[in-house]
Amino acid sequence: MGLPSTESLTNGDLLDAYSRAVVQAVERVSPSVVSIDVRHRGEKAGRRPRTQAGSGSGFVFASDGLILTNSHVVEGASEIDVTLPDGRERRADVIGQDPDTDVAVIRISAPDLTAVTFGDSTLLRPGQLVIAIGNPYGFQHSVSAGVVSALGRSLRARNGRLIDHVIQTDAALNPGNSGGPLVTSSGRVIGVNTAIIAGGQGLSFSVPINTAMAVLPALLRDGRVRRGYLGIGGQDVPLLRRVTRFHRLSQAGGVLVVSLEPNGPAHSAGIREGDILVGLDAQQISSIDDLHRVLTEGRIGTVGTLSFLRGVERMAVTVGIGDRR
């Protein structure tokens with residue numbers, strides 16, 4: 001029997017169809033969603049409070065006990081306790097974390113785990129139904145549903161780096177839902193819930209699952225994501241129009257070098273405090289974010305040409321790109 005046409009559906013029928021989609025997605029994913037409680041060094045173990053700093057959610061993505069969550073949830077943790085939906089409690093170990101994407105992997109040892117199914121976040125469209133699921137306190141799930149409000153947003157991570165291609169939704173995140181999955185109506189995970197803007201009228205954000213999958217191999221192999229390193233501290237600055245015209249620059253800004261690590265790649269290449277970086281090889285550098293984007297793992301160990309302004313002169317030096325520890 002085919003589904004009735006949209007024209008023949010009453011408001012009640014539409015509501016029931018919406019409800020069925022949400023309920024089915026939750027039933028499929030919720031067995032994988034866990035509660036994460038974190039203790040930092042110096043805190044008393046005692047009886048676990050219902051709310052505590054660093055608590056959040058996560059979800060099992062491999063049946064051998066691998067769990068995906070936010071980096072900020074487990075950052076600096078001395079002990080991590082995971083509560084499964086059936087009430088079992090397990091101690092977890094951090095396998096790897098990447099503050100730049102706010103993604104972390106932890107592992108527990110437990111049988112009969114249910115893993116989620118990953119979707120493809122590049123196929124999302126504005127207006128698409130999505131469901132945010134969390135397990136903030138254990139023994140229960142917190143669910144909110146909404147639509148994809150926008151795609152391709154950027155969100156500033158806690159360490160200052162920009163996370164690109166973030167998913168913006170109106171599925172409000174409840175306290176403790178950070179690290180939980182964002183899923184489609186078919187129950188496929190397409191994001192990791194990561195932040196809510198206070199006073200932002202219900203705006204919430206998720207790291208695309210494709211971004212998380214891109215860093216997973218490095219987290220499982222090395223415990224971190226390697227990125228290129230120059231050893232500078234910088235800040236965005238505008239360039240005077242007469243300067244850009246004189247040097248034939250198409251950009252409106254650059255990166256002012258405010259500090260240099262002794263014997264770092266940039267220091268060894270001859271960069272000084274007060275220089276303004278404007279390019280690396282063929283890549284235009286108009287902001288710190290531009291610099292972050294070009295300093296990928298693939299650039300580690302390579303040599304590049306760093307273009308910069310010193311006073312009224314435009315100069316260039318050869319720099320070896322290191323590995324940020």
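The values are calculated or read from the model by the stated rules, or taken from the named source; none is laboratory data. Bear in mind the structure is a predicted one, so any value in this text is a computation, not a measurement. Here the Cβ is made from the backbone with ideal geometry for all residues, glycine too, and neighbour counts use every protein chain on show. Each accessible area value is taken on the protein alone, full model and side chains, heavy atoms only, with ligands, DNA and RNA left out. Shrake-Rupley method; radii C 1.70, N 1.55, O 1.52, S 1.80 Å.
All told, LEU124 meets the bar of being of a type in the set (A, V, I, L, M, F, W, C), over 23 Å from SER78 (Cβ atoms) and out of contact with any helix residue (DSSP H, G or I) (no Cβ under 9 Å at 6 or more places or on another chain). Candidates in region 1-41 are the residues that are surrounded by fewer than 18 Cβ atoms within 10 Å (Cβ to Cβ) and of a type in the set (Asp, Glu); of these, the one that is modelled with the highest pLDDT is GLU27. Residues in region 79-104 that are part of a strand (DSSP E or B), among the polar types (S, T, N, Q) and within 11 Å of VAL215 (Cα to Cα): GLN97 only. Among the residues of region 161-175, the ones that are over 18 Å from ASN210 (Cα atoms), without any contact (Cβ under 8 Å) to a residue 60 or more places away in the chain and not acidic (Asp, Glu) come to 4 in all.
Return yes or no: is GLY96 in contact with a Gly (Cβ under 7 Å, 6 or more places away or on another chain), modelled with pLDDT of 90 or more and of a type in the set (Gly, Ala, Ser)?
On the way: in contact with a Gly (Cβ under 7 Å, 6 or more places away or on another chain): yes; modelled with pLDDT of 90 or more: yes; of a type in the set (Gly, Ala, Ser): yes.
It is true that GLY96 is in contact with a Gly (Cβ under 7 Å, 6 or more places away or on another chain), modelled with pLDDT of 90 or more and of a type in the set (Gly, Ala, Ser).
Among the listed residues GLY254, GLY322, identify the single one that is in contact with a Phe, Trp or Tyr (Cβ under 6 Å, 6 or more places away or on another chain) and surrounded by 14 or more Cβ atoms within 10 Å (Cβ to Cβ).
Details: GLY254 fails: in contact with a Phe, Trp or Tyr (Cβ under 6 Å, 6 or more places away or on another chain).
Being in contact with a Phe, Trp or Tyr (Cβ under 6 Å, 6 or more places away or on another chain) and surrounded by 14 or more Cβ atoms within 10 Å (Cβ to Cβ) holds for just one of GLY254, GLY322, which is GLY322.
Entry remark, region 103-135: residues being open to solvent by 10 Å² or more (accessible area, probe 1.4 Å), closer than 22 Å to THR83 by Cβ and not small (Gly, Ala, Ser) number 6 in total. Within region 223-233, the only residue that satisfies the criterion of being touching a helix residue (DSSP H, G or I) at 6+ places or on another chain (Cβ under 6 Å), assigned to a strand (DSSP E or B) and open to solvent by less than 40 Å² (accessible area, probe 1.4 Å) is GLY228. Filtering ARG91, ARG47 for residues that are open to solvent by 60 Å² or more (accessible area, probe 1.4 Å), out of contact with any Phe, Trp or Tyr (no Cβ under 8 Å at 6 or more places or on another chain), modelled with pLDDT of 90 or more and among the charged types (D, E, K, R) leaves a single hit, ARG91.
Note on region 288-318: among residues that are of a type in the set (S, T, N, Q) and open to solvent by less than 50 Å² (accessible area, probe 1.4 Å), the one that is farthest from PRO238 (Cα to Cα) is THR302. Of GLY270, GLY264, all but one fail to be more than 24 Å from PRO238 (Cα to Cα) and either more than 31 Å from the chain's Cα centre (by Cα) or touching a residue at least 24 places away in the same chain (Cβ under 8 Å) (or both); the exception is GLY264.
Scanning region 289-308 for residues that are farther than 21 Å from ASN263 by Cα and in contact with a Leu (Cβ under 9 Å, 6 or more places away or on another chain), we see that the one that is modelled with the lowest pLDDT is ASP289.
Counting only residues that are under 19 Å from the mean Cα position of the chain (by Cα) and within 22 Å of SER19 (Cα to Cα), region 119-131 holds 4 of them. When ARG188 is tested against (1) open to solvent by less than 30 Å² (accessible area, probe 1.4 Å); (2) of a type outside the set (S, T, N, Q); (3) at pLDDT 95 or above, only condition (1) is not met. Considering region 235-248 alone, what residues qualify as being open to solvent by less than 40 Å² (accessible area, probe 1.4 Å) and in contact with a Ser or Thr (Cβ under 9 Å, 6 or more places away or on another chain)? Passing the criteria: LEU239, THR244.
If you go through region 151-185 and keep only what is at positive phi and crowded, with 24+ Cβ neighbours inside 10 Å, you end up with just GLY179.
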